[in-house]
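Have a look at the structure below before the remarks.
The values are calculated or read from the model by the stated rules, or taken from the named source; none is laboratory data. What you see is a predicted model; the values in this text were computed from it and never measured. Cβ: placed from backbone, ideal geometry, glycine included. Neighbour counts: every protein chain shown.
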Amino acid sequence: MMLKSKLGSSDSLAVVDSDLIQQCIRGEEDAWRQLVRRYERLIYSIAVSICRDRDAASDVLQQVCIELYQRLDEVRSISSLTAWVATVSRRKAYTLMRSIRPTQPLSDDTPLAAADIFANIERQHALEQALTCLPPRQKRLIELLYMSPQGYSYEEIAKQLGMPVASIGPTRIRCLKKLRKLITPDPC
């Protein structure tokens with residue numbers, strides 16, 4: 001994934017995943033929780049996009065986590081763990097949909113190609129991973145500005161973060177530039 005090369009070393013996420021997997025194999029529950037937390041939004045978003053049902057997506061999340069747990073020692077390439085998780089998530093979601101409604105076609109008012117849906121999910125996952133690289137205050141600013149359903153004003157955000165209102169805009173621009181650098185691939 002493009003994000004990996006921007007996070008320090010070229011395989012820093014893979015190294016962290018590798019460490020977490022080794023700790024999971026040794027039976028460390030906290031490592032398992034961290035690994036699940038890292039991938040649960042990716043799994044769930046893929047499942048929701050296919051199943052169109054939150055309960056079904058939760059079932060898929062559980063199934064994928066169980067399969068990951070059972071096959072931790074079989075994962076061949078830690079660097080492709082995200083792709084493996086995405087593939088297993090899609091397969092489990094399609095299997096669940098076939099078992100629930102074998103005669104009902106999946107319909108959507110605005111049909112999108114599956115590749116477009118999954119590309120969007122991967123971009124969202126890359127953004128979430130990039131957000132974890134921001135300092136806590138900058139991350140909170142981005143969350144308040146763009147991810148909060150309340151729609152806070154600059155004054156409310158400034159009060160919550162303890163910063164001048166005039167600093168919100170410039171800080172927002174710097175945060176977005178950092179995120180863009182973390183997500184955008186290097187030109188060849």
- prompt: Q150: polar (S, T, N, Q) and either within 19 Å of S45 (Cβ to Cβ) or touching a Phe, Trp or Tyr at 6+ places or on another chain (Cβ under 8 Å) (or both), yes or no?
  reply: no
query: Which of the following residues is free of Cβ contacts under 8 Å to residues at least 12 places away in the same chain and either assigned to a helix (DSSP H, G or I) or within 17 Å of the chain's Cα centre (by Cα) (or both): R180, R174, R137, R123?
result: R180
query: In segment 71-111, what count of residues is obtained for those that are modelled with pLDDT under 75, under 19 Å from Y44 (Cα atoms), in a helix (DSSP H, G or I) and of a type in the set (A, V, I, L, M, F, W, C)?
result: 1
- prompt: Which pairs have Cβ atoms under 9 Å, sit 6 or more apart or on different chains, and link a residue in segment 54-68 that is assigned by TED's automatic domain parsing to the domain that holds A93 to one that is surrounded by fewer than 14 Cβ atoms within 10 Å (Cβ to Cβ)?
  reply: A56/I100; V60/T95; Q63/T95
message: I'd like the full set of residues that are at pLDDT below 90 and touching a Lys or Arg at 6+ places or on another chain (Cβ under 8 Å), limited to segment 142-174.
response: I142, L145
query: Name the residues in segment 140-170 that are among the hydroxyl-bearing types (S, T, Y), outside any helix (DSSP H, G or I) and more than 19 Å from the chain's Cα centre (by Cα), would you?
result: Y152, S153
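Is at least one residue of segment 118-132 modelled with pLDDT of 90 or more and among the acidic types (D, E)? Steps first, please.
Of the residues in segment 118-132, the ones modelled with pLDDT of 90 or more are none.
No, the conditions are met nowhere in segment 118-132.
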